[in-house]
Structures are given as structure tokens and as C-alpha cells.
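Structure first, then comments.
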């Protein structure tokens, strides 16, 4: 892809499967700074790459600020070492967070299964003896 290639907002929206409103939101937040030709936004290759990184960060569960911090560490002259360290740290943090959420969901699923069994048993008993007491 050429470094001098330009894109219209609709080009980027189509490529990344997002709305033009999403791109304008990122522009309003100062994340993208397209040039203008009248009322037409003209995005450069660097804007496209930044948008791609923002969307990747979003998929990984990063906040916009976290994505911006990581994008700001871009330093190809020094191998992007700081950026890569930060990415690894954020991935580890998100994995830990998701693992905890997963464990919490497993506990909730077990609680729901147990409650459902208890209520089914109570319903069967109530139906057979016309009791209406619901166990807690």
C-alpha cells in the first residue's frame, strides 16, 4: 500500500466495517486529523493505520486512552520496544480480567442451575400436594 494513498471517509468505513459516524467520533476526540478539500475529509495512510490500531485495541478490550498511549509509543527507529512491552502488559492484564470474569460466570451458572433444580423440585411437590410454598 502506498504511503501517499488517500482515503475518503466512506472508503475507511467500508474497509473496516464501521460507520462514518464512528470515524467522525474518533476525529472529534482528536484521534484522527484528516485534511479537508472543501467539506470532504481526506485521510492519509497514517490515519488509516491509526484507525486500524484503534479498532484492534477496541477488539482487545482496550480503552481509547490505552490505545492512544500505545500508539504514541510507536518508535520504529528503536524497534518499537516500549510499544511492544506495553502491548504485552495490556494483553496480560486483559487476559487476567477476562479469566476472572469467566470464573465469576461459571459460579453464576452453577448457582442458577442449583436454583432451577430447587424450584423444579418445589414445583413438582407443590403440584402433587397443592402446596404453594416457594423455597428460598
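Some notes on this structure:
- Test: residue 51 is within 15 Å of the chain's Cα centre (by Cα), closer than 15 Å to residue 6 by Cα and assigned by TED's automatic domain parsing to the domain that holds residue 10: yes
- The listed residues are 86, 92, and the only one of them that is surrounded by 10 or more Cβ atoms within 10 Å (Cβ to Cβ) and either in contact with a strand residue (DSSP E or B) (Cβ under 6 Å, 6 or more places away or on another chain) or within 21 Å of residue 51 (Cα to Cα) (or both) turns out to be 86.
- Filter pass, residue 19 being at pLDDT 95 or above, under 19 Å from residue 6 (Cα atoms) and exposed (fewer than 12 other Cβ atoms within 10 Å of the Cβ): yes
The values are calculated or read from the model by the stated rules, or taken from the named source; none is laboratory data. Computed from a prediction, not measured in an experiment: that's the story for all the values here. As a convention, Cβ positions derive from the backbone with ideal geometry for all residues, glycine included, and neighbour counts pool all protein chains shown.
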